[in-house]
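> The structure under discussion is supplied below as structure tokens; questions concerning it will follow.
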Amino acid sequence: NMALLVSAEAFGARVNLDLDPNGQDDRLPNVTLALTQAQDAVIDYLKIADDDMVWTDVDVPPRVSSAIMLVAQALLDDSKSAEMLSGLGTSDPKNPVVALLIRLRDPAFA
């Protein structure tokens, strides 16, 4: 089970979503699922195997956590998700997520 690099609390703070800190919020499972999916997409784009995960939520580079948040936000707002995710698939440099991550990506595996 993949440890989240961006907590639901951090994501909530970033997108001004006032989540119940006691975990009783009915949006919490949806937000957590979106963060899990977004992290999977970002880590896959960076070509990092699950076993080779080098970061925790404490030392994840800000551009990686912001990319995860962008994708999670797109997943929660379906109107944005197709554009955001298709850019990852094609490595479109105009895509904001690609722009954040492209210099971290290992070109040997591209």
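The values are calculated or read from the model by the stated rules, or taken from the named source; none is laboratory data. Every value quoted in this text rests on a predicted model; they were computed, and no experiment measured them. Positions of Cβ are backbone-derived with ideal geometry, glycine not excepted, and every protein chain shown enters the neighbour counts. Accessible surface areas use protein heavy atoms only, side chains included; no ligands, DNA or RNA. Shrake-Rupley method; radii C 1.70, N 1.55, O 1.52, S 1.80 Å.
> Take the range 75-91 and flag every residue that is free of Cβ contacts under 8 Å to residues at least 24 places away in the same chain and within 30 Å of Arg27 (Cβ to Cβ).
Asp77, Asp78, Ser79, Lys80, Ser81, Ala82, Glu83, Met84, Ser86, Gly87, Gly89 - these are the residues of the range 75-91 that are free of Cβ contacts under 8 Å to residues at least 24 places away in the same chain and within 30 Å of Arg27 (Cβ to Cβ).
> Looking only at the range 38-57, filter to residues that are in a helix (DSSP H, G or I) and out of contact with any helix residue (DSSP H, G or I) (no Cβ under 6 Å at 6 or more places or on another chain); which one of those is farthest from Ile102 (Cα to Cα)? Explain how you work it out, then say what you get.
Step one: filter the range 38-57 for residues in a helix (DSSP H, G or I), giving 38-45, 50-52.
Subset that is out of contact with any helix residue (DSSP H, G or I) (no Cβ under 6 Å at 6 or more places or on another chain): 40, 43-44, 50-52.
Values: Asp40: 16, Ile43: 12, Asp44: 12, Asp50: 19, Asp51: 21, Asp52: 18 Å.
Result: Asp51.
> For the range 1-18: of the residues being more than 13 Å from Val60 (Cβ to Cβ) and of a type outside the set (A, V, I, L, M), which is most open to solvent (accessible area, probe 1.4 Å)?
Restricting attention to the range 1-18, the residues satisfying the condition of being more than 13 Å from Val60 (Cβ to Cβ) are 1, 8-9, 12-18.
Still in the list and also of a type outside the set (A, V, I, L, M): 1, 9, 12, 14, 16, 18.
Numbers: Asn1: 202, Glu9: 119, Gly12: 5, Arg14: 151, Asn16: 141, Asp18: 132 Å².
Looking at residues that are more than 13 Å from Val60 (Cβ to Cβ) and of a type outside the set (A, V, I, L, M), I get Asn1.
> I'm trying to understand the selection: among the residues of the range 49-75, which are in contact with a Leu (Cβ under 9 Å, 6 or more places away or on another chain) and among the aliphatic types (A, V, I, L, M)?
Scanning the range 49-75 gives Met53, Val60, Val64, Ala67, Ile68, Met69, Leu70, Val71, Ala72, Ala74, Leu75.
> Would you point out which residue out of Ser66, Ser79 is surrounded by fewer than 19 Cβ atoms within 10 Å (Cβ to Cβ), among the polar types (S, T, N, Q), within 12 Å of the chain's Cα centre (by Cα) and part of a helix (DSSP H, G or I)? Write out each step before concluding.
On the way: Ser79 fails: within 12 Å of the chain's Cα centre (by Cα).
When all the criteria are applied, what remains is Ser66.
> Restrict the check to the range 13-24 and report whether at least one residue is part of a helix (DSSP H, G or I) and closer than 25 Å to Ala99 by Cβ. Walk me through how you get there before you give the answer.
As a first pass, look at the range 13-24 and keep what is part of a helix (DSSP H, G or I): 13-14.
With closer than 25 Å to Ala99 by Cβ added as a condition, the list becomes 13-14.
Yes: one or more hits.
> Would you check which residues across the range 1-48 are more than 16 Å from the chain's Cα centre (by Cα) and under 18 Å from Leu70 (Cβ atoms) and list them?
Once the filter is applied, which keeps residues that are more than 16 Å from the chain's Cα centre (by Cα) and under 18 Å from Leu70 (Cβ atoms), the range 1-48 yields Asn16, Leu17.
> Sticking with this one: Across the range 90-108, what is the number of residues that are open to solvent by less than 70 Å² (accessible area, probe 1.4 Å) and under 16 Å from the mean Cα position of the chain (by Cα)? Give the derivation first.
Step one: list which residues in the range 90-108 are open to solvent by less than 70 Å² (accessible area, probe 1.4 Å), which gives 91-92, 95-101, 104-106.
Add one more test, that the residue is under 16 Å from the mean Cα position of the chain (by Cα), and what stays is 91, 95-101, 104-105.
Residues meeting the conditions: 10.
> How do the pairs read when you match residues in the range 28-46 that are open to solvent by less than 30 Å² (accessible area, probe 1.4 Å) with residues anywhere that are among the hydroxyl-bearing types (Ser, Thr, Tyr), using Cβ under 9 Å and keeping only pairs 6 or more apart or on different chains?
Leu35/Ser7; Tyr45/Ser91
> Okay, next question. Consider the range 48-60. How many of its residues are surrounded by 14 or more Cβ atoms within 10 Å (Cβ to Cβ) and either within 22 Å of Ala13 (Cα to Cα) or basic (Lys, Arg) (or both)? Even if it seems obvious, please write down each step before you answer.
Let us first name the residues in the range 48-60 that are surrounded by 14 or more Cβ atoms within 10 Å (Cβ to Cβ), namely 48, 53, 55, 60.
Then keep just the ones that are either within 22 Å of Ala13 (Cα to Cα) or basic (Lys, Arg) (or both); that gives 55, 60.
Residues that pass the stated criteria total 2.
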